[in-house]
Amino acid sequence: MHSDGRRWCRGFMWIDDCDKMVDRQKALLMVLIALLIYPNDIFGGAFPPEFAGPIMNLTVPLGRDATFKCLVKHLGGYRVGWLKVDTKAIQAIHDHVITHNNRVSVSHSDHTIWNLHIKSVQKEDEGLYMCQINTDPMKSQTGMLSIVVPPDFIPEDTSSDVTVREGGQVMLTCRARGVPPPRVSWRREDGTNIIIRKPFAGSGLNQKSHVTSVSEYQGEELKLTKISRTEMGVYLCIASNGIPPAVSKRIFINVHFPPVIHVPNQLVGAPLGTDVVLECFVEASPKSINYWVKDNAMIISSQQHDVQAIVKSQFEVWMELTIRNLQKHDVGTYKCLAKNSLGDVESTIRLYEISGPAKTQTAAKPSFYDEEDEPVYGSAEIEKMDNKALSVDNAINGHMGYPSVATPAPTTRIGKKRLTIGASSNAHHRAAFSLLVIVPMLIVVHQRYQ
């Protein structure tokens with residue numbers, strides 16, 4: 001210890017000098033740590049700021065979030081700002097949001113990655129965005145925000161359900177919007193093909209057309225000409241542009257026509273005591289009222305009669321009348337009738353008695369549109385047949401009153417085959433009877449002479 005009271009530090013300096021040296025060492029250590037952590041801020045003047053990479057362009061569906069990234073190195077004491085180029089509206093400067101758009105925010109990571117966030121993007125957000133560094137001169141780079149929009153139909157330019165008379169034409173329209181512009185196609189909901197008819201060059205209105213059948217038709221407009229009942233149904237308009245989800249609209253085409261009746265058998269024979277099935281196949285749109293009549297009286301379901309109407313499609317109905325335990329008074333002429341707002345039609349079936357075993361006779365349904373079947377046209381369709389020869393087969397043409405000229409052989413419907421009862425059947429019965437008489441006589445004679 002010195003005479004003035006001061007103490008030695010480490011044996012070679014005074015305590016006060018020693019404390020000052022420790023403070024300098026701490027300060028130097030803090031500077032070194034700062035250099036390691038924030039080298040760009042300290043030596044920013046020596047290394048001017050620059051961009052470390054380009055801003056990526058963004059394509060975002062409407063309503064989703066978008067984030068631009070601006071990569072900067074050697075920022076130092078400079079600041080980063082964001083600008084929307086087309087409106088020249090400042091979005092943010094450094095950590096502070098300037099715009100009044102509450103969907104915009106900023107963030108950064110270690111002063112090298114500067115982010116501009118836009119939530120739930122709208123169409124007005126689309127455009128160029130600029131990232132700036134406030135150097136002199138200013139440094140900047142831009143990125144493009146593109147908004148894509150899923151397809152949507154324009155209601156006022158899109159068709160709804162339509163009704164057309166058979167033989168007429170209909171134009172279906174389906175327009176959609178979206179970014180990029182949607183592609184529109186047509187399909188039938190039931191998977192059947194679309195029939196496109198285009199008249200040959202120079203042909204008249206009623207001349208032949210070039211007919212093509214396609215599973216899918218491209219275009220905003222679908223034109224159907226000379227439309228038939230088989231083209232009735234739901235058509236799907238589908239719009240897609242690669243941005244999910246694609247959209248579709250159901251459009252129902254209702255084809256109207258007067259009733260038509262197909263009769264598989266107009267002459268049915270069956271033994272007494274059996275069950276007999278009479279059948280008529282009706283086509284009509286709008287749906288027709290269908291019923292059976294005998295002797296001017298409507299037949300309804302009862303213990304003796306079973307009346308069935310089986311719907312086969314939107315315009316097809318299978319009529320069945322089952323007569324149980326056939327009796328003498330059941331024999332006669334039956335009528336199946338169909339009526340709708342466009343016309344009415346009737347057809348007759350004659351039921352007669354045949355000899356045979358007293359067991360139930362069942363008639364299976366023939367396939368629709370059998371080549372042997374003839375259609376029966378309603379009163380509203382007869383006008384179309386004025387220039388055609390009258391049929392002389394098993395067809396009765398509505399209310400024209402022309403009966404069938406040809407008289408088919410008596411038949412009982414079993415499946416699709418017809419059991420014919422004729423002279424040969426009677427010969428077999430006589431032969432069987434003779435055998436029943438002769439055989440017992442031979443047995444008696446043989447026993448007498450033994």
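List of remarks:
- Subset of segment 116-127 (residues that are in a strand (DSSP E or B) and surrounded by 15 or more Cβ atoms within 10 Å (Cβ to Cβ)): L116, H117, I118
- Residue in segment 214-226 that is open to solvent by 30 Å² or more (accessible area, probe 1.4 Å), without any contact (Cβ under 8 Å) to a residue 12 or more places away in the chain and out of contact with any Ser or Thr (no Cβ under 6 Å at 6 or more places or on another chain) present: no
- Residue check, D136 within 30 Å of I55 (Cα to Cα) and surrounded by fewer than 18 Cβ atoms within 10 Å (Cβ to Cβ): yes
- Tally, over segment 113-151, of residues that are among the hydroxyl-bearing types (S, T, Y) and touching a strand residue (DSSP E or B) at 6+ places or on another chain (Cβ under 6 Å): 4
- Residue pairs whose Cβ atoms lie under 9 Å apart, separated by 6 or more positions or on different chains, with the first residue in segment 338-352 and surrounded by fewer than 18 Cβ atoms within 10 Å (Cβ to Cβ) and of a type in the set (F, W, Y) and the second outside any strand (DSSP E or B) and modelled with pLDDT under 95, are Y352/P410.
- Members of segment 154-171 that are in contact (Cβ under 8 Å) with a residue 60 or more places away in the chain and open to solvent by 30 Å² or more (accessible area, probe 1.4 Å): S160, D161, V162, T163, R165, E166, G167
- Those strands (runs of 3 or more DSSP E) of segment 153-237 in which at least 2 residues are modelled with pLDDT under 95, considering only elements entirely within it, cover 194-199, 209-214.
- Residues within segment 238-247 that are in contact with a strand residue (DSSP E or B) (Cβ under 7 Å, 6 or more places away or on another chain) and part of a loop (DSSP other than H, G, I, E, B), tallied: 5
- Residue match in segment 197-206 (condition: loosely packed, with under 13 Cβ neighbours inside 10 Å and among the aromatic types (F, W, Y)): yes
- Note on segment 52-67: residues that are open to solvent by less than 80 Å² (accessible area, probe 1.4 Å) and out of contact with any Cys (no Cβ under 7 Å at 6 or more places or on another chain) amount to 9.
- Sole residue being closer than 30 Å to V317 by Cβ, at pLDDT 95 or above and β-branched (V, I, T), chosen from V247, V260: V260
- Within this structure, K88 fails the test of being among the charged types (D, E, K, R) and buried (at least 16 other Cβ atoms within 10 Å of the Cβ).
- Note on segment 41-109: no enclosed strands (runs of 3 or more DSSP E) hold 2 or more residues that are in contact (Cβ under 8 Å) with a residue 24 or more places away in the chain, in contact with an Asp or Glu (Cβ under 9 Å, 6 or more places away or on another chain) and basic (K, R).
The values are calculated or read from the model by the stated rules, or taken from the named source; none is laboratory data. Source: prediction; values computed, not measured. With ideal geometry, Cβ positions are generated from the backbone for all residues, glycine too; neighbour counts draw on all protein chains shown. With ligands, DNA and RNA removed, areas are computed over all heavy atoms of the protein, side chains included. Shrake-Rupley method; radii C 1.70, N 1.55, O 1.52, S 1.80 Å.
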